[in-house]
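Some notes on the structure that comes next.
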Amino acid sequence: MLKDGRILVGKGEKEAFILPQMANRHGLIAGATGTGKTITLKVMAESFSSLGVPVFLADVKGDLGACVKAGDMSVIEKRLESIGIDPEEFPMRSFPVCFWDVFSEGGHPVRTTVSDMGSTLLARLLGLTEAQTGVLAIVFRLADDKGWLLTDLKDLRAMVAYTADHASELLNDYGNVSRQSAGAVQRALLQLEDAGGDIFFGEPAIDIHDWMRRDEDGRGYINVFHCAKLFRSPLLYSTFMLWLLAELFEELPEEGDLEKPKLVFFFDEAHLLFNGAPKALKENIEQVVKLIRSKGVGVYFITQQPSDIPDPILAQLGNRVQHALRAYTPAEQKAIRAAAQTFRENPAFDTEEAITSLGTGEAVVSFLDEKGRPTVAERVTILPPQSMMGTIDDERRRAEIEASDLYGRYDTAADNESAYEQITADKLRIEEEKAEEKKKEEEAKAAAKAEKEREKKEKEAEKKKNSRKKNSALGKVAGSTATSIGRELGRTIFRGILNILKRK
Ligand SMILES: Nc1ncnc2c1ncn2[C@@H]1O[C@H](COP(=O)(O)OP(=O)(O)OP(=O)(O)O)[C@@H](O)[C@H]1O
Ligand SMILES: [Mg+2]
């Protein structure tokens, strides 16, 4: 909910606000299962929308789409009372929502091209070794130099095969591509296809500006990325999310300090982004998170423990909501201590103790003030959402998708000309050239043979003529006929050769 142009998230001793101009300094929503993380996300997303800031959120459990329906006052009345908000001043309302889904079931399809995904992320997705990653990088460079677009996995497989076939010619300019490594990449690609990984490669590829829309009232769209199914494959899910970040980073211009973000991103189950990620990739994410801020994008991570997020990234998350954590084991106690220590101590209460005793929908929070400093920890009750809590049925979701302005833009896949077609055409061209060359050789051979025959016959005729000249007058006539026949034959052959030459 907005109050005086600020985002009111919760209320305790004081009201706790996220300042729009600090919203691109990223954030964290942490807490054990069922403590209220998703609802907090929803409360924030609604406020951003009201502020005219579009948001993109990963909906892992399917419980965020209900933003399309107004909430039910009877469900939230008590909470409002306990916070001290007059229900009259808290209107129940729906929000503009756009649904997306890589599987095209729960929303408009989200696709990208293999070229746009890039070799680094693909190598991670494929689980390649360093040597194989090197081969993949060569394959991408070669495709780039040739101007061949890698749209889907079919293109990439064709391109890997092409690179392996031309390895010796490429050695000097591109480096070594061993048959073994190329073979391993091909196998990994097949495995990825079998695991359904080809799903988000294709065209039309998403234009991220379609996530930055506002409705006619100026409210930002809440883009709900339905990923219940994608989430079942954590590697696919995390790679896709990383791609989104990279894409935003590359596509959006530098903005400096804005009054409010251009887009806010919420990553649910954020620990998956970092699980098993190689050091170099973690450093990449760290870099992107650091720099994307100045492009006007705020990134909010949602996870159970703050320790799920690598320290250098955690240090960049300025706006924090810590829901309850439970301490059953010494390791959990340690984690709670660590979580508490990330807050500026409030003398009014013990942060560590507070984190373990918070009720559902309560949190310890700290947001950045107008100077970018984290405020002291506040213990607050989070506001309820203005839209409905819970889920919507498939029918309603379908109706929303079909009623959307974007319906039809992405919904049918296209198979445009790309590397696969170009490599196939290239192969065909080479085969045709070879066939043509062979044909010409054969024709030339036949012509040479015929020429020899002619010469032989001419010589024989000459011989006979000479002997007849000597022997009889009748012989003269016969001889001239034979010679003219010989010349005719010669012309035919000559024309034949000309034709061959012309065809060249
Ligand atoms: N701010 C709130 N206002 C009203 N109800 C809330 C609030 N926060 C939580 N609740 C109630 O608690 C339930 C669980 O919250 P939520 O789904 O947000 O938990 P979660 O931390 O996301 O859990 P999980 O880790 O399982 O996804 C909600 O369905 C809702 O009924
Ligand atoms: Mg949740």
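When the helix-only estimate is applied to the chain (DSSP H runs of n ≥ 4, each -39,500 (n - 2.57), divided by the residue count), what is the mean residue ellipticity at 222 nm, nearest 500 deg cm²/dmol? Don't jump to the answer; show the numbers that get you there.
On the way: 17 runs with 244 residues, N = 504.
When only DSSP H runs of four or more count, the value is -15500 deg cm²/dmol.
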**OP:** Compute the acute angle (0 to 90°) between the alpha-carbon long axis of helix 179-194 and the principal axis of greatest extent of the alpha-carbon atoms of the chain; round to the nearest 10°.
**Re:** 50 degrees
Subject >> Scattering profile of the chain at q = 0.06, 0.12, 0.13 Å⁻¹ [log10 I(q)/I(0), Debye over alpha-carbon scatterers] >> reply: -0.41, -1.09, -1.21
Subject >> Out-of-range pairs (alpha-carbon distance over 22 Å; input 3/61; 37/78; 11/262; 154/427; 229/295) >> reply: 3/61; 11/262; 229/295
Original post:
In whole percent, how big is the carbon plus sulfur part of the accessible area of the chain, probe 1.4 Å, protein atoms only?
Top reply: 49 percent
Subject >> Angle in degrees between helix 73-83 and the longest Cα principal axis of the chain, rounded to the nearest 10 >> reply: 60 degrees
Original post:
Under a point spin-label approximation (7 Å from Cα along Cα-to-Cβ), what is the residue 141-residue 349 distance to one decimal in nm?
Top reply: 5.7 nm
Original post:
Roughly how many Å² is the accessible area per residue of the chain, as a whole number, for a 1.4 Å probe?
Top reply: 49 Å²
Original post:
Between the helical axis of 473-503 and the dominant principal axis of the chain, each derived from Cα atoms, what acute angle in degrees is found, rounded to the nearest 10?
Top reply: 10 degrees
Original post:
How much FRET efficiency would the formula 1/(1 + (r/R0)^6) give for residue 424 and residue 280, where r is the Cβ-Cβ distance and R0 is 25 Å, rounded to 0.05?
Top reply: 0.10
Original post:
lysines within cross-link reach of residue 457: Cα-Cα under 28 Å, excluding same-chain residues under 8 positions apart?
Top reply: 439, 440, 445, 449, 465, 469, 470, 476, 502
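The values are calculated or read from the model by the stated rules, or taken from the named source; none is laboratory data. Just so it is clear, the model here is predicted, and its values are computed rather than measured. Ideal geometry is used to build each Cβ from the backbone, glycine not excepted, and the neighbour counts take in all protein chains shown. Side chains are part of the model used for accessible areas, which takes the heavy atoms of the whole protein and leaves out ligands, DNA and RNA. Shrake-Rupley method; radii C 1.70, N 1.55, O 1.52, S 1.80 Å.
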